[in-house]
Each structure stands twice: as C-alpha cells, then as structure tokens.
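First the structure, in the form of structure tokens, and then the observations on it.
Just so it is clear, none of the values below were taken in a lab; they were calculated from the coordinates. Not measured: the values here are computed from a predicted model. Note that we place each Cβ from the backbone using ideal geometry, even for glycine, and neighbour counts take in every protein chain shown.
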Amino acid sequence: MSPRKVQTFDPKVFLAQTGLGRTILQCPKSKVIFAQGDPSDAVFYIQAGRARLTVLSSRGKEATIALLGEGDFVGEACITSDQPRRVASATAITDCRVLRIEKPAMLNVLHREHAFSDLFVAYLVGRYNQTQADLVDQLFNSAEKRLARTLLLLARFGKEGRSENVIPKISQETLAEMVGTTRARVNFFMNRFRQLGLIHYNGGLEVHSSLLDVVLHE
C-alpha cells in the first residue's frame, strides 16, 4: 500500500478560490467595496482591477490615501481587536474581482498555515515600508518628484518584471490629493512629462520607465 500524499497548502490557491468564509465579489467601476464606519468584519484581496482607499473628515472633505491593485489586501486592520469599524472607504475605480475573507477565516488561516502567514506578514511589511517612503517623499521632495513617484507606483513599476504599464483613468484632482499639491500644478507637470515623452495618453495613461529619471535626478 503506497503512502498517502500529504496535501501542501498553497496561499495562491487559497486566494484564488472560494471556500469556507471566502466569497468572490464582482465589483463594477465606482462600486463601494466597504464604507467608512461599516463593521470591520472581513479582509479583501484584489484578484483583478484597481481600487481607491479614501478617508472622509468630519467636515466632509475626502482624501485619497492609497490606490490599490491586483495582489493587494485591503481592510486588513480588521484582524486587530481595537478597530470594530472601518476608518476608511474602499471603492472600485475599474471593474474589480475581489475575494472577501471573513475575519474568523482569516485568523484561522493565519494561525494554521505558516506559508500564508509568511506571505501576509511580508505584504504588511512592504506596505509599511511604502508608507514610510511616502512620508519621506512628502517631507523632502518637490511636488514634481512626488507626482513622478506616484505615477510610477500606480503603474506598478518594477513589479512582475514590468517596466511600463497603463494606468486606468484617474483624475488630476485625485493625483493632487495623493501628491499634496494643487490640480493646476499637477496639470502643469503632466503636460511637461508628456512633452518630454515620459508619459503618453493612449486610451489610458501610459507611464514610461524613463520617468524614473525625474525621481532620481537631484
């Protein structure tokens, strides 16, 4: 009698399929995935598409704090016990396919499967490092450099072996919120980037790897 094969856990398979406590949602463009103030009861994993994370102040002013894409988690703060309500809203900015993982299912897989917890911790550390880099960027770099870096991040420059990508339609007002400047300044810099051949409009915004020179140039 041959020994039974031990089935190994694959995090990619877990994040690609439905199962106990896991549901795949189809979110058309502009659909709210979760809203600020909603119960914080699930983690979401973006399988395809892009989403926008925003915060609304008590005075009604909205600010974009992140644009997320394929392979990103959102709403992960629900795994802590001190955040029963969402402190931000997530909205699809393109058609999205999202895996909803209920909090108990997320905690269970984190405790049970080291491969998944390693993947998740690595993701959180990467997200933290990017947040720190965003803060340094905001404090020390010019608006032009901040805009160039934001466009490269949105194009997922350097990820999955890609050096160029097309960003889905995004308003200059949203870019201005993320960069921390005015729409007029964003418009000025975008026109300059286009004239220099660093970006190109072709059914979307195509960002060329040469834009990196703006970030690196002193």
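Can you give the charge dipole size of the chain about its Cα centre, rounded to the nearest 20 debye, using +1 on the beta carbon of Lys and Arg and -1 on the beta carbon of Asp and Glu?
For this selection, approximately 400 debye.
Given 0.36 nm per residue, what is the gain on full extension from T18 to D41 after removing their alpha carbon distance, in nm?
That works out to 6.6 nm of additional length.
Given Cα pairs under 8 Å that are at least 6 residues apart, what percent is the relative contact order of the chain?
It comes to 20 percent, rounded to a whole number.
With Rg and Dmax of the Cα atoms in Å in mind, check (i) 19.2, 74; (ii) 16.2, 47; (iii) 19.1, 59 and report the label derived from this structure.
Computed from these coordinates, Rg and Dmax of the Cα atoms in Å corresponds to label (i).
Would you tally the net charge around P39, using a Cβ to Cβ cut-off of less than 12 Å, leaving P39 out, and scoring K and R as +1, D and E as -1?
Once positives and negatives cancel, what remains is 0.
For segment 41-81, rounded, prolate or oblate, judged on the Cα gyration tensor with a ≥ b ≥ c (square roots of eigenvalues), a/c < 1.5 rounded, else prolate if a/b > b/c?
It is oblate, given that a/c is not under 1.5 and a/b is not larger than b/c.
How long is the gain from Q83 to T182 if the chain were fully straight, where each residue apart is worth 0.36 nm and the alpha carbon distance is subtracted?
The Q83-T182 span can extend by a further 32.4 nm.
Along the charge dipole of the chain, Cβ charges K/R +1 and D/E -1, which of V109, A63, I33 sits furthest on the positive end?
I33
For segment 141-216, go through all pairs of different Cα atoms, get the mean of 1/r, take its inverse, and jot down that Kirkwood value in Å.
About 12.2 Å for segment 141-216.
Based on the alpha carbon coordinates of segment 69-192, what radius of gyration and maximum Cα-Cα distance (Dmax) apply, in Å?
Over segment 69-192's Cα set, Rg and Dmax evaluate to 17.1, 52 Å.
Please give the contour-minus-distance gain from R194 to Y128: 0.36 nm per residue of separation, less the Cα-Cα distance, rounded to one decimal in nm.
Here the segment from R194 to Y128 would lengthen by 20.6 nm.
Could you give me D for segment 11-128, from Stokes-Einstein at 4 °C and 1.567 mPa s, where the hydrodynamic radius is the Kirkwood radius over C-alpha pairs? Units µm² s⁻¹, please.
89 µm²/s
Alpha carbon centre of segment 176-218 versus segment 14-76: separation in Å?
Answer, in whole Å: 27.
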